[in-house]
Structure formats: structure tokens, C-alpha cells
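What follows is one structure encoded as C-alpha cells, with my remarks underneath.
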């Protein structure tokens, strides 16, 4: 099947490449000529495990192509996947100008019937708005489908190839069957193909992210209570996760969630409720709890050093908002770096994939270490920010020998307090007694 993907950002590139890997003829379109040139020459714009190999293979097999010419790409295909960014402000105000502009261009380029599959995160009613734009700009027949994705950065290929479910918002039976056939190779293990209204499908993405964010914020509040009563949140979490009604995922306390998705979608969900006069104080509190978590963690560091933090060398392990990605959007590390620098501390950061983006953002204002142990040389403290696997079982004796002061602020609860004590570290974590 010939399919056009509009947008070669994180979502569009993963979707297009995975469809090409399953034998479809995919053309990815983007107005960024430099990005298209780089992709055509096998240079990736971001880090996602396994994606570079798939892009290379499908380019060489001529199943995947990149272009800036939207008209040519839309002229000869059945389906057009819309993977365009929908930015939102911190107050949840959303901006549909990018997807609607893309839809207008698609309409003007259509040479016959097309199925427009919207994978961009858009509020309920957006598909209807897109249909109106299409009607104004083309005489050709079309159908618009809401088809949200649930890709996790760092595991996106596996999420696409082995999804928990496929959600399709569409009323036309023929279009449903076409989409079902498209996704059938990914549903061979019996995962559900869920058909619903456009608005329900659009709301589904917000509902999932709000639920996940709520679990994280709730665990962080429970961690605060554990700290106040000298309980251990890890022990509580283990027992909580064994309850079949709750499950164990997204129950890890820490310095809060980041990234482009959860903060945006929680804020947008609040805004959608406010626009209709719906009271949703529980959802409103989710992002507030998340913000306070970062502030509380920062204050623990500032209280420990006091005025002496000026000129202290503070090492950070991890900068990306989660492991297995180089994405710094909404990353808690940026909040910590900015405030610690403002307090006068010298900052050295190691991240396995985000070094280039850190240098682009901070220049010479911070030091970016080439290896994680080199970041500790002469450090007055270490902050664990991202739970990369290589940080989980380090050589504690080597760490202590390199550091000027053996103190660790663990924002991900990677280590055991008793082990830290036995190696002579002062150790501060989340929801557990300090060492």
C-alpha cells in the first residue's frame, strides 16, 4: 500500500519506518529541507533505539523515501498519515494551526479519494474541523480517521510493532476494514482493534496520559507521607503493585515526570474541562504535584549545602527526561541545572545520548562529561536524575575515591540506603529515610 506520512518528527519517522518495515511503500514529507537531506543520507535527527537500522534498511530496499514535495507525495497514495506537532502552552491552551495548515495543503494536492489518518494529539472535535477545511479546499471525496498512537520514547519501535491496542475513530465500515487490514500484522497476538467515534478516539490519548501522570503524582505524595513517618516508599510500592486491581506500572516515586507528552496533555485536559465548565480539581492537581516534587528535591540539595553551594562542583548523571532517548523537552534535569547554576554551583553533566543537545542549550555554561565516572572527578555531590541502566550498579568505591565529598541525591531511588551507608555515603532519596 502506498502511504504518505506528513511530518518527520519523532512520531512521523517512527510510524513511517515501521510501516515500511512491514512492506508498505512509504513517503515521508517535511518542509524542513535540511532534515529531509539528512534522513535521505542516513543521518538521524534524534536518538531512538533501533530506529537508525530500520531507516537504513528500508531506504536501501526502496520502501522508504523522504521529500519536501507534499503535492507529489499526496498525488499518488491512498492514505495520508498526519503526524504534525500540536504545541500547547503551560495553561493548556492548544494550537491547531500546524495540523490544519497541513490538512489544507493536503486538500489542495489531492487528485482523488484519500483517507486522512490523524495521529497528531488533538482535542475532541478536531477531526470535524479538519473535515471542514478539506471540504473548503477540495472537490475530491475523503474520510478522516482519528488514530492516536501510544508510543513511548525509548521503546517506540516495540510499541508500534507490538501495541497494547489499536484505536480507530471512524464511522465508515469500509475505512475501518482498510485500517484493520493495515494493522493486522501487529495484532496477531490477539491485541484488540478498538473502533469508536472520532471524538472518543481523540479523547483516548488524553485519558491515557492523564491516568499515567496521576499515578506518578500520587506515588510522590505517598512518598512524602512515608518520609514524614520514617516509612519506606519502596516497600509500600511493592505491596501496592501486587494488588491485581492496581498493578505495578508507573508506581515509582521520583523527581516527577517530564517529556513532551504528559505535562502537555494533562494541562490540555484541564483546559478542555474549563472551556465546558466542567470541574476537574483532581486533574488540575496532577501537574501541581509534579512541579512541587521538583521544587522539593531542589530544596533538599540547597538546604544541605546552604550558602556554601557557591562554587561547589555538582555532578548530574542523566539529563534526558527518560532513559533510551536524547529528548530534553520538559526534563527535570533542566530545572535542576538552571536553579543550581543560579545558586552559584558549577555543573557537570553526563548523559549517554543527550550530550550534543546539552551543549547546544548551555554552551560553556556547564561542563558535559564524556564518561559518567569522569563527571565525578572532584565533585562535591552527585545527583541521579535519569535512570539509565549503567547508573544502577556502579563501583561505589571508585565513586567515593573520585568525589571530594561523598554525598548522593538520588531522584530515582536507584540505590539501597543500607548499601550507601556501608560505603560511607550520605544519601538522600525519595520517600525513604536519609542516610
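Read-outs throughout are calculated quantities, based only on the coordinates presented, and are distinct from any laboratory measurement. Remember, predicted model here, so these are calculated numbers, not experimental data. All Cβ positions, even for glycine, are placed from backbone atoms using ideal geometry, and neighbour counts span all protein chains on display.
By average Cβ neighbour count within 10 Å, what is the ranking of 363-372, 67-76 from highest down?
Result, highest mean first: 67-76, 363-372.
Mind sorting 257, 304 by how few other Cβ atoms lie within 10 Å of their own Cβ, fewest first?
304, 257
Between residue 235 and residue 139, how high is the FRET efficiency from 1/(1 + (r/R0)^6) when r is the Cβ-Cβ distance and R₀ = 56 Å? Nearest 0.05.
For residue 235 and residue 139, the calculated efficiency is 0.30.
R0 = 25 Å: FRET efficiency of residue 33 with residue 361, Cβ-based, nearest 0.05?
Here the calculated transfer efficiency is 0.55.
With N set to the number of residues, divide the alpha-carbon radius of gyration of segment 53-129 by 2.2 N^0.38 Å and report two decimals.
1.30
I need the calculated FRET efficiency for the pair residue 291 and residue 108, taking r as the beta carbon distance and R₀ as 56 Å, to the nearest 0.05.
0.85
Would you mind classifying segment 189-326 by shape? Square roots of the alpha carbon gyration tensor eigenvalues, ordered a ≥ b ≥ c; an a/c under 1.5 is rounded, otherwise it is prolate if a/b is larger than b/c and oblate if not.
Here segment 189-326 falls in the prolate category.
Kindly list the residues of segment 136-157 that lie in the label zone of residue 193, defined by a backbone N under 15 Å from the point 7 Å along the Cα-to-C-beta vector.
Answer for segment 136-157: 147.
Using only the Cα atoms, what convex hull volume per residue in Å³ does segment 120-172 have? Please list the in-between numbers first.
Numbers: hull volume 6.0 nm³, N = 53.
In segment 120-172, the Cα convex hull volume per residue is 114 Å³.
If I fit a long axis through the Cα atoms of helix 332-342 and take the longest principal axis of the Cα atoms of the chain, what angle between them do I get, 0 to 90°, rounded to 10?
50
Got a sec? Which residues in segment 27-42 would a label at residue 52 touch, if it sits 7 Å along Cα→Cβ and we count backbone N under 19 Å?
Counting only backbone N, you get 35-42.
Give me the percent relative contact order of the chain, please, defined on Cα pairs under 8 angstrom at least 6 residues apart. Kindly include the intermediate steps, with their values, before the conclusion.
Working: 827 pairs, mean separation 52.8, N = 435.
RCO, the chain: 12 percent.
Highest first, please rank the peptides 144-150, 36-42, 296-302 by the mean number of other Cβ atoms sitting within 10 Å of their residues.
By packing density, highest mean first, the sequence is 144-150, 296-302, 36-42.
If each DSSP helix of 4+ residues adds -39,500 (n - 2.57) and the sum is divided by the residues in the chain, what number results at 222 nm, nearest 500 deg cm²/dmol?
-13500 deg cm²/dmol
Evaluate the Kirkwood expression for the hydrodynamic radius of segment 104-252, namely the inverse of the mean inverse distance over all pairs of different C-alpha atoms, and round to one decimal in Å. List each step's numbers first, then the result.
Numbers: mean 1/r = 0.0553 Å⁻¹.
Hydrodynamic radius (Kirkwood, Cα pairs) of segment 104-252 is 18.1 Å.
Roughly what angle does helix 51-60 make with the longest principal axis of the chain, taking Cα atoms, 0 to 90 degrees, to the nearest 10?
So the helix axis and the longest Cα principal axis differ by about 30 degrees.
Report the antiparallel proportion of the DSSP beta bridges in the chain as a percent, rounded to a multiple of 5.
5
Can you give the extra length, in nm with one decimal, that the chain gains between residue 273 and residue 68 once fully stretched, where that is 0.36 nm per residue apart less the Cα-Cα distance?
Values: separation 205, 0.36 × 205 = 73.80 nm, distance 3.78 nm.
Net length gain for the segment: 70.0 nm.
For residue 343 and residue 1, compute 0.36 nm times the residue count separating them, minus their Cα-Cα distance, and round to one decimal in nm.
Stretched fully, the residue 343-residue 1 segment lengthens by 117.4 nm.
Dividing the Cα radius of gyration by the Kirkwood radius, what Rg/Rh value follows for segment 356-435? Intermediate values should be presented prior to the final figure.
Details: Rg = 13.2 Å, Rh = 13.5 Å.
Using Cα coordinates only, the ratio equals 0.98.
Based solely on C-alpha atoms, express the radius of gyration and the Dmax of segment 145-201 in angstrom.
Rg, Dmax (Cα atoms, Å): 11.4, 35.
Does segment 10-154 classify as rounded, prolate or oblate by the C-alpha gyration tensor (a ≥ b ≥ c root eigenvalues; a/c under 1.5 gives rounded; else a/b over b/c gives prolate, otherwise oblate)?
Verdict is oblate for segment 10-154.
With everything on Cα atoms, drop me the angle between helix 262-275 and the longest principal axis of the chain, reported from 0 to 90° to the nearest 10.
60
List 432, 43 from most exposed to least, where exposure is judged by having the fewest other Cβ atoms within 10 Å.
Ordered by Cβ neighbours within 10 Å, fewest first: 43, 432.
Viscosity 1.306 mPa s, temperature 10 °C: give me the Stokes-Einstein translational D for segment 206-285 in µm²/s, with Rh taken as the Kirkwood radius over C-alpha pairs.
Working: Rh = 13.8 Å.
Translational D for this selection: 115 µm²/s.
Averaging the inverse of every distinct alpha carbon separation and then flipping it gives the Kirkwood radius. What is it for the chain, in angstrom units?
One over the average 1/r among Cα pairs gives 23.5 Å for the chain.
Rank these for me by crowding, 246, 106, going from fewest to most other beta carbons within 10 Å.
So the residues, fewest neighbours to most, are 246, 106.
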